[in-house]
Amino acid sequence: LVGTAGSRTERVAIIGLDCAAPELLFHEWLDELPNIRSLVTRGVHGELASIVPPITVPAWMSMMTSQDPGSLGIYGFRNRRDHSYGGLFFASASSVKQKTLWDIAGEHGRESIVIGVPPTYPPKAIRGNLVSCFLTPDTNRPFTYPTSLGAEIHGAADGYMLDVAGFRRLDRSRLLTQLHVMTEKRFRAAKHLVETKPWDLFAMVEIGVDRLHHAFWRYWDKGHRLHDPDSPFASAIHDYYVELDGHIGSLIEAMGEETTVFIVSDHGAKRMDGGICINEWLIANGYLHLKEAPAEPTRLRPDMVDWPNTRAWGDGGYYGRLFINVEGREPEGCVPPESAEGLLDELIHGLEALGDDKARPIGTRVHRPADLYERVEGIAPDLIAIFGGLHWRSIGTVGGGSIHVFENDTGPDDANHAENGVLIAAGPGIEPQADPLVGMSLLDVAPTVVDLYGLDPIAAHQGSSLLPRFDTGEAFTALDEEKIAERLEELGYL
């Protein structure tokens with residue numbers, strides 16, 4: 001291998017926990033998670049800033065390519081294919097054109113094991129073995145590379161599970177049981193691959209944590225409007241984390257001491273206070289006109305809209321996506337191109353001023369993609385709205401006339417995503433540091449792994465290697481930040 005510093009480790013393992021929350025891992029239950037605590041004690045840890053939007057797709061692929069969503073051209077699970085009103089595509093492995101960590105490893109003769117990293121369906125050929133992610137429709141079709149690996153994975157896991165089907169609508173008791181079963185099967189499959197296949201890079205994402213938080217967050221979070229401390233599910237999140245820690249410990253033991261281990265999450269979790277019906281707000285303010293208002297909440301369809309008289313429309317999800325109907329760009333555009341920027345400013349001002357159902361400020365922020373991303377590929381939303389610091393979800397339905405709602409349009413949901421996930425790293429090449437690090441970005445993970453392997457930096461990477469901060473003992477810590485804040489206050493700047 002040709003590199004600048006020489007390899008610092010023989011193997012790197014990235015164990016991804018979708019939606020794992022820093023307040024739970026680092027504070028609430030760290031003492032009850034001996035395997036994770038051991039990594040924290042003998043390595044480094046801290047909050048990991050996610051991307052905007054902080055959602056599973058595109059966040060994991062942003063981590064594995066060190067490319068922001070604009071550069072990937074992936075802004076969520078659904079994306080505009082063209083400027084028509086209904087042309088959408090779903091993000092998949094085929095959408096990812098940039099090199100992943102396992103692509104880079106393969107180019108340098110290194111073998112990889114990849115399990116469940118979104119989006120990796122349909123499975124692409126890699127130097128190594130790959131099991132695709134939860135976006136795979138089912139395991140009756142090829143879900144591995146090589147294809148023959150599928151039967152082996154089913155055998156090792158006694159029936160591999162990609163996800164818990166219909167997790168938003170399952171009875172909670174059944175869902176909780178299925179989450180434990182799924183996670184056990186997935187870690188059993190991972191351990192089998194680690195013990196039987198050659199590998200230098202291991203990258204896995206466990207989706208169960210995300211499903212757990214969406215279904216059970218109210219039972220842990222005392223600030224949740226539906227908090228119920230006497231529920232039989234009061235310990236659901238705690239018990240899952242404890243069991244998960246055991247699976248992680250068993251997997252790390254199988255990997256051997258020569259492995260540098262990362263525990264990472266793509267984002268965190270926070271209570272969901274309610275939903276903002278973005279299209280109802282647009283209707284109420286004269287931006288969106290329907291041919292006929294539905295009697296009950298209904299997903300907005302292109303055929304429902306009076307396009308010649310509509311200047312803007314929106315989409316739901318964990319964050320809001322707004323599009324303006326530009327003359328000459330959209331089929332029935334009515335906004336003159338020279339008026340587009342003024343309309344965007346007007347929408348930003350209006351949405352950021354929108355409060356909760358009692359008109360109390362919630363701190364919404366609305367962004368132009370060009371202000372967020374290094375470049376903007378594909379067809380991005382014209383505006384990205386983060387409602388109430390992500391305590392409020394964007395609801396895309398129309399009908400009923402209410403702007404504020406307290407039920408999710410896609411099924412029961414206790415939590416939205418939070419801006420920060422976690423990073424823990426320990427093993428060869430990592431010097432222990434007791435204080436949590438601050439200022440780490442999800443985009444820094446891939447450059448750090450490349451540096452650990454002693455490879456030259458990848459010019460396309462947007463993040464930076466964290467190794468200088470891991471090694472010198474001079475990392476910028478939370479304590480440093482506190483001291484700097486105190487000094488600025490003394491000087492009158494705060």
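The values are calculated or read from the model by the stated rules, or taken from the named source; none is laboratory data. Note that the coordinates shown come from a computational prediction; the quantities given were computed from them, not determined experimentally. Neighbour counts run over all protein chains shown; Cβ positions are idealised from the backbone, glycine included. Heavy atoms of the whole protein, side chains included, go into the accessibility calculation; ligands, DNA and RNA do not. Shrake-Rupley method; radii C 1.70, N 1.55, O 1.52, S 1.80 Å.
For residue 124, a cut-off of 28 angstrom between C-alpha atoms picks up these lysines, skipping any fewer than 8 places away in its own chain: 97, 99, 185, 191, 197. Of all lysines in the structure, the ones whose alpha carbon falls short of 19 Å from that of residue 222, not counting any fewer than 8 places away in one chain, are 270.
In the context of the full set of protein chains, residues of the chain present 40 Å² of accessible surface per residue (probe radius 1.4 Å, heavy atoms only).
Taking each DSSP H run with n ≥ 4 as -39500 (n - 2.57) and averaging over every residue of the chain yields -9000 deg cm²/dmol at 222 nm. What the Cβ-Cβ distance of residue 346 and residue 301 gives, at R0 = 22 Å and to the nearest 0.05, is a FRET efficiency of 0.30. Centre-to-centre, using Cα atoms only, the stretch 241-292 and the stretch 409-456 are separated by 14 Å.
Give the carbon-plus-sulfur fraction of the accessible surface of the stretch 359-437 in %, rounded to a whole number; probe 1.4 Å, heavy atoms of protein chains only. For the stretch 359-437, the apolar C and S fraction of the accessible surface comes to 50 percent.
Each Lys or Arg adds one and each Asp or Glu takes one away; over the other residues whose Cβ falls under 9 Å from the Cβ of residue 111, this sums to +2.
The label point for residue 235 and the one for residue 42, both projected 7 Å from the Cα toward the Cβ, are 2.9 nm apart.
Once backbone amide H atoms are built at 1.01 Å from N, residue 277 has 395, 404, 405 as its partners under 5 Å, excluding neighbours fewer than 5 places away on the same chain. Note on residue 140 and residue 292: with the Förster distance fixed at 30 Å, the Cβ-Cβ geometry gives a FRET efficiency of about 0.15.
Which shape class applies to the stretch 1-117: rounded if a/c is under 1.5, otherwise prolate when a/b exceeds b/c and oblate if not, where a ≥ b ≥ c are the square roots of the Cα gyration tensor eigenvalues? In terms of gyration-tensor shape, oblate.
Between residue 402 and residue 28, what FRET efficiency comes out of the Förster formula 1/(1 + (r/R0)^6) with R0 = 35 Å and r the beta carbon distance, rounded to 0.05? Calculated transfer efficiency: 0.50. Share of carbon and sulfur in the accessible area of the stretch 46-86 stands at 51%, probe radius 1.4 Å. Within the chain, the whole DSSP H helices whose Cα atoms reach 27 Å or more along their own axis and whose mean Kyte-Doolittle score is at least 0.0 are 236-255.
Rounded to a whole number, what % of the accessible area of the stretch 159-208 do carbon and sulfur atoms account for, probe 1.4 Å? It is 50 percent, rounded to a whole number. Shape analysis of the stretch 284-363 places it in the oblate category; the axes a ≥ b ≥ c from the Cα gyration tensor give an a/c of at least 1.5, with a/b not above b/c.
Quick check on the stretch 191-335: take the gyration tensor over C-alpha atoms, sort the square-rooted eigenvalues as a ≥ b ≥ c, and tell me if it's rounded (a/c under 1.5), prolate or oblate. Note, shape of the stretch 191-335 comes out oblate. Here is the P(r) of the stretch 71-158: all C-alpha pair distances, binned every 5 Å from 0, give 3, 13, 21, 22, 16, 12, 7, 4, 1, 0 in whole percents.
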